[in-house]
1. Using 19 Å as the cut-off for backbone N distance, which residues of the range 55-85 belong to the label zone defined by a point 7 Å from the Cα of D39 along Cα→Cβ?
2. Heavy atoms only, probe 1.4 angstrom, no DNA, RNA or ligands counted: give me Y112, Y96 ranked by accessible area, highest first.
3. Using the Cα centre as the reference, give the magnitude of the dipole from point charges on the C-beta atoms of the range 36-162 (Lys, Arg: +1; Asp, Glu: -1; all else neutral), rounded to the nearest 20 debye.
4. Quick one: Karplus J couplings for the range 160-168, per residue in order, coefficients 6.51, -1.76, 1.60, θ = phi - 60°, nearest Hz, x for Gly and Pro?
5. Per-residue HN-Hα couplings for the range 66-78, Karplus 6.51 cos²θ - 1.76 cosθ + 1.60 at θ = phi - 60°, whole Hz, x for Gly and Pro?
6. Which value, in Å² and to the nearest 10, is the accessible area of R48 when all protein chains are kept and the probe is 1.4 Å?
7. Under 5 Å between amide H atoms, partner at least 5 residues away or on a different chain: which partners does D54 have, H built in plane at 1.01 Å?
8. Check G158: other-chain or 5+ apart residues with amide H under 5 Å from its amide H, H built from backbone geometry?
Amino acid sequence: MKSRNLFLTAICLFAALTVSTSLRADTVALFDTSLSATDPHQLGRLSRTGVPADWSTTKAYPGTINPLVSYVYKTFDFSSSFFTIAPFVQISIFDYTAGSMNLFLSAYAGSYDPLHPGTNYLGDVGSSGNLFGTDAANFQVIVPTGQDLILVLNETLGGANSASSFGQLTNLDVERFIDTEFDDPPASPPAVPEPSTLVLLGSGLVGLGGAVRRRLKAA
């Protein structure tokens, strides 16, 4: 009985190690996007505080400015199933055109209402425009259990100047983590156990299984 328990414990340990290693950091989505004249419009936009949201505290809703000016925006919806076991999310935005971009990114839980942008607000990137161009800017939020993650990309020029942002390519990277214990975002593709590591672990379990079977036969 002890031998059987030892074998089962080893299998569980192998499974837990594989899952925890592969899920510690994982890319949910990595894609290019841009705004266009056919995207929806909203009146006003979030104020830029210059401070990106992070996991250490809940960022206060920054409020809106220019309530009579029309801005173009688009939303991206990511299923709650992505964040059930990995609710710590880091979102990165990279503007390909240095110095000419005026795009802003924010995150919401469950849904986004352009008439009430304070509802379901989770956080935002803090700044836009010339701050980008050479390095990606990022911010962090914690997705509530059972809620989709909604990202809102909007331009910050507004009115007749909105067209200046149309067609300008931007890269978005959404990564999930099981906790806050990491140094830097993982490289793409997400970190997974090296094949050699899996082979060694598998070989060890095969050897352990053989020893257990021999002991069971001898019993």
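The values are calculated or read from the model by the stated rules, or taken from the named source; none is laboratory data. Just so we're clear, the structure is a prediction, and the values are computed from it rather than from any experiment. As a convention, Cβ positions derive from the backbone with ideal geometry for all residues, glycine included, and neighbour counts pool all protein chains shown. Ligands, DNA and RNA are stripped out before the accessible areas are found, and what is left, the full protein with its side chains, is counted by its heavy atoms. Shrake-Rupley method; radii C 1.70, N 1.55, O 1.52, S 1.80 Å.
1. 64-78
2. Y96, Y112
3. So the dipole magnitude of the range 36-162 works out to roughly 180 debye.
4. After applying 6.51 cos²θ - 1.76 cosθ + 1.60, I find 5, 7, 4, 4, 4, 9, 5, x, 7 Hz.
5. Along the range 66-78, the couplings run 6, x, 9, 9, 8, 10, 8, 8, 8, 10, 9, 10, 10 Hz.
6. 100
7. When sequence neighbours closer than 5 places are left aside, the close amide H contacts are K59, Q140.
8. V72
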